[in-house]
Amino acid sequence: MKLRRSMLFVPANNPGIIRDSYLYKPDSVMFDLEDSIAITEKDSARCLLFNMIKKLKPLYKEAGVETVVRINSLDTEFGIQDLEAMVRAEIEVIRIPKTDTPEDVYEVEKHIERIEREAGIEIGKTKIIVAIESPLGALNALSIAKCSPRLIGMAIGGEDYVTNLKTTRSTDGVEMMMGRAMIVMAARSAGIAAVDSVYSDVNNDEGFIKEAQMIKQMGFDGKSLIHPRQIELVHKVYTPDEKNIKKSLRIIKATEEAMAEGKGVFTVDGKMIDKPIIERAQHVLELAKAAGIKMGGDE
Amino acid sequence: MKNARVTEEILKNIKDYENRKIYTSPFALQPEGTMEERENLKDKVRRDKTVSSLKEVIKKVGLKDGMTISFHHHFRDGDKVLPLVMGVIAEMGFKNIRVAASSFTGAHECMVEHIKNGVVDRIESSGLRGELAKGISDGILPTKAVIRSHGGRARAIVEGDLKIDVAFIGASSSDCMGNSNGVVGKSVCGSLGYAMVDAEYADKVIIITDTLVDYPNYPVSIPQTKVDYVVTVDEIGDSNGIMSGATRFTSNPKELLIAKKVLEAMLASGYFVDGFSMQTGTGGASLAVTRFIKEELIKRGIKCSYALGGITKAFAELLEEGLVGKIFDVQDFDLGGVESLTKNSLHQEISADFYANPFNKSAGVNRLDFVILSALEIDRDFNVNVISGSNGIIRAASGGHSDTAAMAKMSVVVAPLIRGRLATIMDKVTTVVTPGETVDVVVTELGVTVNPLRPDLKEKFEKAGIELIEMDELIEKAKFLVGEPKPIEFTDEVVAVVEYRDGSIIDVIRKVKK
């Protein structure tokens, strides 16, 4: 399973950063053609990103870093052009901003499919992540999450969401609670990833970690990030502790043994083990592996 | 007095005293050329070495065409002594002077004119920068410039390869007898490590200060016993100039990534144990290593026994916190370093000879465990260039690079794989300053690369799970990203000779074809 603990935002107008982002080993890099690029720079950023993605794809792939691009909304004159370039560059994921309804996704999907066909790319290869940035989008979250087989994740765009809610962002994030809850519920129902918003105070590690711990507990897969130094911090939050890893190893070992013996029900440490516990144990081990923890045995 | 006690007859009968002089009066015997005739007998003893102007002092020391003079570069970009003195020397009409500065910085562009006008015809230094470097690369010097490491320069002076006739030493404070330092006064620069060697071995030593203090001045970096004259000028330098951009703590994620990889390698090397020693060069990544090390020292409850070389505030803080035992300081890279040298007795000023002369009885670098160094270019054979740019033009300095790389148990060279559109890691460096066999580890953002001459380190790193990458792969990746530039075309004309620390010639720099 692809982890999405960290999705690093990278403005698509800086060749050095585009070239180097995979080095910091986020799970995904999200190149931005939208809000971080000035209107006057849209064309050059798109052109730069197109060429760089084509060139650098193997390096990103080798490092296991997913490539995502945030396109401009199809309401703008740039949206279609972004799609034309990025699908042809064979970026892995298109992130649709400001998604309010399933129709927003259908529209993008229609163009992606056309371009894939024109460019001779396997139909369905280009995946989609949607960003929910309004109360309407949050209320439609479930129907959006289930609307396309290309959809692999749902993110919340905090700044726009809070603005549309006619409030501001606070340190405890109470204004984000409803939106976050809707999105994580919808994403989980649809079996896709749930990605939290950015934490914009780059120098506040403590606040960042606190927020990361909270959204992890809520069920999110990870966060969008604005600086490479946040990658390690969020990965640490998602790294299971030793006790949890050992327990998960015992559960998986017992499961394999039970399956070999044809047993349906079995226990570990005196507790009955069933499907959700096994799934949780598997997820813990995936996170531990991603964090580079060596797991030679169960002790 | 008339000496009736000792006669030539008596001396004749004492072995080895046959030709010695008999006492006649207190100041009858004087070293040649140092005294002027005075009325009063005791006035013959100089109680004041101050001279009113540079012009006068230059006359007094008897500077002649073709002589060798020296300067130090502790003020780095803020130096005002060299331009001032050279201006006077030019004005006085001297020709064919050899200028042996410990380094030339951005503050020394006036040298171009002095070379063109024939005032200066020879240059010896660790570094050449800016217009002077470009000019020399372009062949304005009638002779070959000589590039030496800091240890190599000290060796050359001590061994007599480089004979200095007159040393002009800028000191932030001096008393009337020449006891001087770089830590008191209005223009401080910290350690006077490079100048100490000049003061020791030059024929004539002139202290130039803008802060003349009451006798005796303390601390004494250059003692009065070595000083001929003291001259006061308006301003010897700008203290802020010692801090170049290269010494600030970085927030650049790539430099931090490299620093983190360096730390991992250091921890896995087996040398990171209580009492280890280290030196870091300038540059964001190597300075960041210092900060990361602090956390590890605390976590492991160990101490670094001594830090060496060019000192920054980061090391001064480690000393203050008891995480570093002592500092041997040949040069200060920021005012935090200067302040520490002023107030902390565990922070010791050392000469360039003590620091790195390969031919003395043992230099400070000889007991180094780690050194972290930057590079302009590194090649397949681990050779390092820190002197010429990718365009073939001289632009930087040899410094203590080859001295420390040769002696540290683990020498680490850090560099980004590419800078702008050019590869840092390549088949052949433009100029070799530090030979590859003394470079143990190269660290780039792609990982740690171990010199095949150090299989022991490689084994340790592999065991620790450190991400290793072979030199061939680094070069291949660099070529993939930026391609291969057209080779620089040089003419046959040699413009500079690069000496290794022992005085052997490791490379020459040629003029670029236009």
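Considering the range A:251-299 at the alpha-carbon level, its Rg and Dmax are found to be 11.8, 33 Å.
By the scheme Lys and Arg +1, Asp and Glu -1, what is the net charge of all other residues having a beta-carbon under 9 Å from that of A:Val198? Let's see the in-between values first.
Numbers: positive: A:Lys223; negative: A:Glu159, A:Asp196.
Cβ neighbours under 9 Å give a net charge of -1.
Plainly put, chain A has a radius of gyration that is 0.99 times its Kirkwood radius, both from alpha-carbon atoms, as the Rg/Rh ratio.
Here is the size of the protein assembly as shown from its Cα atoms: Rg then Dmax, 34.0, 123 Å. Rounded to the nearest Hz, the phi-derived 3J(HN,Hα) couplings of the range A:126-137 under the Karplus curve 6.51 cos²θ - 1.76 cosθ + 1.60 (θ = phi - 60°) are 7, 8, 10, 10, 9, 10, 8, 10, 8, x, 4, x, where x marks glycine and proline. Peptide B:252-258 has a mean of 4 when you count, residue by residue, the C-beta atoms of other protein chains within 10 Å of its C-beta. Secondary structure note: in chain A, about 10% of the DSSP beta bridges are antiparallel.
Overall shape of the range A:1-157 was characterised from the C-alpha gyration tensor. The equivalent ellipsoid obtained from it has semi-axes of 22, 17, 16 Å, in decreasing order.
Rounded to two decimal places and with Rh computed the Kirkwood way over Cα pairs, what is Rg over Rh for the range A:118-266?
Working: Rg = 18.8 Å, Rh = 17.5 Å.
My calculation puts Rg/Rh at 1.07.
Packing around the peptides B:115-121, A:90-96, taken as the average count of other Cβ atoms within 10 Å per residue, puts them in this order, highest first: A:90-96, B:115-121.
The DSSP beta bridges internal to the protein assembly as shown are antiparallel in roughly 20% of cases. Extents of the range B:66-158, taken as max minus min of Cα coordinates on every principal axis and listed largest first, are 33, 27, 26 Å. Inter-chain neighbour count for A:16-24: the average number of beta-carbon atoms from partner chains within 10 Å of each residue's beta-carbon is 4.
Applying Stokes-Einstein at 4 °C and 1.567 mPa s to the Kirkwood radius of the range B:157-260, computed over alpha-carbon pairs, gives a translational diffusion coefficient of 87 µm² s⁻¹.
A cut-off of 5 Å between modelled amide H atoms, ignoring neighbours fewer than 5 places along the same chain, links B:Ala101 with B:Phe71, B:Glu124. Axis of helix B:253-268 versus longest Cα principal axis of chain B: the two differ by about 90°, to the nearest ten degrees. Here the Karplus relation 6.51 cos²θ - 1.76 cosθ + 1.60, evaluated at θ = phi - 60°, turns the backbone of the range A:245-256 into coupling constants of 5, 4, 5, 5, 4, 5, 5, 5, 4, 5, 5, 4 Hz, with x for every Gly and Pro.
For the range B:245-402, with equal point scatterers placed on the C-alpha atoms only and solvent neglected, what are the log10 I(q)/I(0) values from the Debye formula at q = 0.10 1/Å, to two decimals? Log10 I(q)/I(0), no solvent term: -0.36. Helical runs assigned H by DSSP (4 residues or longer) give the protein assembly as shown a calculated mean residue ellipticity at 222 nm of -10500 deg cm²/dmol, each run adding -39500 (n - 2.57) before division by the residue total. Ranked for footprinting exposure by Cβ neighbours inside 10 Å, fewest first, A:Met7, B:Met86 give B:Met86, A:Met7.
Fewest Cβ neighbours within 10 Å first, please rank B:Ser305, B:Ser269 accordingly.
Working: B:Ser305 15, B:Ser269 24.
Going from least to most buried by this count: B:Ser305, B:Ser269.
For B:Val233 and B:Lys303, a Förster radius of 51 Å and the Cβ-Cβ distance give a FRET efficiency of 0.75, rounded to the nearest 0.05.
Protection proxy ranking, highest mean first, for peptides A:66-79, B:72-85: B:72-85, A:66-79, where packing is the per-residue count of other beta-carbon atoms within 10 Å, averaged.
I'd like the per residue volume of the convex hull spanned by the Cα atoms of the range A:180-299, given in cubic angstrom.
Numbers: hull volume 15.2 nm³, N = 120.
Cα-based convex hull of the range A:180-299, divided per residue, equals 127 Å³.
Along the range B:123-130 the Karplus relation, 6.51 cos²θ - 1.76 cosθ + 1.60 evaluated at θ = phi - 60°, assigns HN-Hα couplings of 9, 10, 6, 7, x, 9, 10, x Hz to successive residues, with x for each Gly and Pro.
Once you list every other residue whose beta carbon is under 12 Å from the beta carbon of B:Ala202, what net charge do they have if Lys and Arg are +1 and Asp and Glu are -1? Mind showing how you got there, number by number?
Details: positive: B:Lys163, B:Lys204, B:Lys226; negative: B:Asp165, B:Asp198, B:Glu200, B:Asp203, B:Asp228.
Residues close to B:Ala202 contribute a combined charge of -2.
Close amide H contacts of A:Lys223 (hydrogens built in the peptide plane, cut-off under 5 Å, sequence separation of 5 or more or a different chain): A:Ser6, A:Met7, A:Asp196.
Close amide-amide hydrogen proximity is noted between B:Asp175 and B:Val213, B:Asn217, each under 5 Å apart and 5 or more residues distant or on a separate chain (H modeled in the peptide plane; Pro and chain starts excluded). Sorting A:212-219, B:283-290 by average packing, meaning the other beta carbons within 10 Å per residue, from highest down gives B:283-290, A:212-219. The mean number of Cβ atoms from other chains found within 10 Å of a Cβ in peptide A:56-68 is 1, as a whole number.
Rounded to the nearest 5, what % of the DSSP beta bridges within chain B are antiparallel ones?
On the way: 21 of 76 bridges.
Percent antiparallel among DSSP bridges in chain B is about 30.
Sorted from greatest to least, the principal axis extents spanned by the alpha carbons of chain B come out as 86, 58, 49 Å. Ranked by how many other Cβ atoms sit within 10 Å of their own Cβ, fewest first, the residues A:Ser44, B:Ser149 fall in the order A:Ser44, B:Ser149.
Bear in mind that the values in this text are calculations on the coordinates, not laboratory data. On a predicted model such as this, the values are computed, not experimentally measured, just so you know. Virtual Cβ from ideal backbone geometry, glycine too; neighbours counted across all protein chains shown.
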